[in-house]
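A.B. asks: Let me begin by handing over the structure; questions about it come next.
The values are calculated or read from the model by the stated rules, or taken from the named source; none is laboratory data. Bear in mind the structure is a predicted one, so any value in this text is a computation, not a measurement. Counting neighbours? That spans all protein chains shown, and the Cβs are built from the backbone with ideal geometry, glycine included. The protein model used for the area step is the full one, side chains on, heavy atoms only, and it has no ligands, DNA or RNA in it. Shrake-Rupley method; radii C 1.70, N 1.55, O 1.52, S 1.80 Å.
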Amino acid sequence: MVTIREFSHVVDLLDRFAAPEIVDGALLSAGLDRSVLKEKAGFAPYAAEGVVVEAVARSVGDRHLGARVGHAFDYSTYGAYATYVLGAPDLGSALERGRRALVLTHPGSSITFRQTGSHLVVGRDSRGLTITGHRHLDEGTVFVIGAVARHFLGSGWVPDWVEIPDEPRNCIETLERLVGAPVRVRAGPPGIAIRLSELPTLNPDVSHRQDKIALQDLAGLMGVSPVQTVADVVEHILRITFAHGDVSEESVARHLAIGPRTLQRALRREGTSFRDVRAGFAEKNARHLVARTDRPLEEISSMLGYKHPRSFRRAFKSWTGVSPSGYRANPPGA
């Protein structure tokens, strides 16, 4: 998962490289539209971000679009998270802060450290997800991580090398020109090599050499709740896809880049099921849609995953004690 803020910023950047109708088509191919960008907080599927970037890249014929998006990415988009990371007293502390708080921007991913004799290779591991567009996201990641290092080491700093898990040999030279550093193809997460001697570099912004934001306060400042369970993830995906009426188990699994059976097993381990999570989501949203919109009840039924309006009416009455039409006629608080 990625924050809506990141996803929205990536779409804005894609609009620089392609016509809006191409980006709109890419969003549609991921089962989304620009309405998801209006969300103030929350998360979008990492797989959807990959699909969108890949679709635009194919349309414009740019194999390294992910790298160009990463190069243009504004790290401050992360808001309080960026302030927390870049407010560390030194580079090493900043990288550790980023690792500890990543769950608030990329649930399901982790920052990895691998030390060599002279370098720390800092990467981002998305738990081995094989998704459409992963190569573009990998290339963009090295620039985003590099933004932290450049804050401490200067805008002209480049890593001694970068690591990419999947890059054809005949494309390495192009990527090296974009990155400004040698590219090594290596199994594992994408990452950048930072000299160990650079880690103690002090924050050049003296006013930031203090703990202005505590880790325990970060989630509230970002307006997000950490995604702790698979059920949480499923609910986040339902929230951004239900406007299209596709709240099926197959659709959610596809957004997570896993199979429906894998999703079923993961939810079962948490003592729940997709049916239960979707029912809870429907109950939360049905009251608002019935009372506060003029959408036909049949349309609301379909949006919330009910194949037959009769099933929706029966479920709604079990939640509220009245029928949808009765609830619409006399909504609470009216």
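A.B. asks: Report the label-to-label distance for ASP160 and ASP33 in nanometres (one decimal), using points 7 Å from each Cα along the Cα→Cβ vector.
C.D. replies: According to this spin-label approximation, the distance is 5.2 nm.
A.B. asks: Run the accessible area of the chain with a 1.4 Å probe and give the carbon-and-sulfur part as a rounded percent.
C.D. replies: Carbon plus sulfur share of accessible area: 49 percent.
A.B. asks: Report, by chain and number, residues whose modeled amide H sits under 5 Å from the one on ASP90, excluding near sequence neighbours (fewer than 5 apart, same chain).
C.D. replies: ASN203
A.B. asks: Counting only heavy atoms of protein chains, what accessible area per residue, in Å², does the chain have with a probe of 1.4 Å?
C.D. replies: 47
A.B. asks: Any idea what the relative contact order of the chain is, in percent, if you count C-alpha pairs under 8 Å spaced at least 6 apart?
C.D. replies: That works out to 18 percent.
A.B. asks: Another one. Mean-square fluctuation check for the chain, GNM, Cα pairs under 10 Å: which of ASN170, ASN285, ASN203 is largest?
C.D. replies: Looking only at ASN170, ASN285, ASN203, the biggest GNM fluctuation is shown by ASN170.
A.B. asks: Restricting to Cα pairs below 8 Å that are 6+ residues apart, what does the relative contact order work out to for the stretch 50-188? Please round to a whole percent.
C.D. replies: Result for the stretch 50-188 is 26 percent.
A.B. asks: Scan the chain and report its longest stretch carrying no trypsin sites (Lys or Arg not before Pro) that are both in a DSSP loop and have at most 12 other Cβ atoms within 10 Å.
C.D. replies: The reported range is 213-306.
A.B. asks: Given the whole protein assembly as supplied and a 1.4 Å probe, what does the accessible area of LEU95 come to in Å², nearest 10?
C.D. replies: The value for LEU95 is about 10 Å².
A.B. asks: Under 1.5 on a/c is rounded, so check that first for the stretch 1-84, then, if it is not, pick prolate when a/b is larger than b/c and oblate when it is not; a ≥ b ≥ c are the square roots of the alpha carbon gyration tensor eigenvalues.
C.D. replies: In terms of gyration-tensor shape, oblate.
A.B. asks: If the elastic network links every pair of Cα atoms under 10 Å, which of GLY79, GLY188, GLY321 fluctuates the most in the Gaussian network model of the chain?
C.D. replies: GLY321
A.B. asks: Around PRO20, what is the net charge, scoring Lys/Arg as +1 and Asp/Glu as -1 over all other residues with Cβ under 14 Å from its Cβ?
C.D. replies: So the environment of PRO20 carries a net charge of -3.
A.B. asks: Can you run phi through the Karplus equation (6.51, -1.76, 1.60; θ = phi - 60°) for the stretch 321-329 and list ³J(HN,Hα) in whole Hz, with x for Gly and Pro?
C.D. replies: With the stated coefficients, the stretch 321-329 comes to x, 9, 6, x, 5, x, 5, 5, 5 Hz.
A.B. asks: What ³J(HN,Hα) values, in whole Hz, does the Karplus curve 6.51 cos²θ - 1.76 cosθ + 1.60 give for the stretch 168-176 when θ = phi - 60°, with x put for Gly and Pro?
C.D. replies: For the stretch 168-176, the Karplus curve yields x, 4, 6, 10, 5, 4, 5, 5, 4 Hz.
A.B. asks: Eight or more residues apart or on different chains, and alpha-carbon atoms under 23 Å: count the Lys pairs in the chain matching that.
C.D. replies: 5
A.B. asks: Mind listing the long-range amide H neighbours of PHE43? Cut-off is under 5 Å, sequence gap 5 or more, other chains count too, H placed in the peptide plane at 1.01 Å from N.
C.D. replies: The answer is ILE4.
A.B. asks: I need the shape label for the stretch 235-334. Rule: rounded when a/c is under 1.5, else prolate if a/b > b/c, else oblate, with a, b, c from the alpha carbon gyration tensor.
C.D. replies: prolate
A.B. asks: I'm a student and want to see the number: the projected area of the Cα convex hull of the chain, averaged over all directions, in nm².
C.D. replies: Convex hull of Cα atoms, orientation-averaged projection: 19.3 nm².
A.B. asks: If a/c stays under 1.5 just call it rounded; otherwise compare a/b with b/c (prolate if a/b is bigger, oblate if not). Do that for the stretch 74-121, with a ≥ b ≥ c from the square roots of the Cα gyration tensor eigenvalues.
C.D. replies: oblate
A.B. asks: Shifting gears a bit: Hey, what do the phi angles of the stretch 100-117 turn into as Karplus ³J(HN,Hα) couplings, whole Hz, using 6.51/-1.76/1.60 and θ = phi - 60°, x for Gly and Pro?
C.D. replies: Running phi through 6.51 cos²θ - 1.76 cosθ + 1.60 with θ = phi - 60° gives 5, 9, 4, 4, 7, 10, 9, x, x, 10, 8, 7, 10, 10, 10, 9, 9, x Hz.
A.B. asks: Considering the chain as a Gaussian network with a 10 Å cut-off on Cα pairs, which listed residue, ALA48, ALA26, ALA253, attains the greatest mean-square fluctuation?
C.D. replies: Sorting by GNM fluctuation, first place goes to ALA253.
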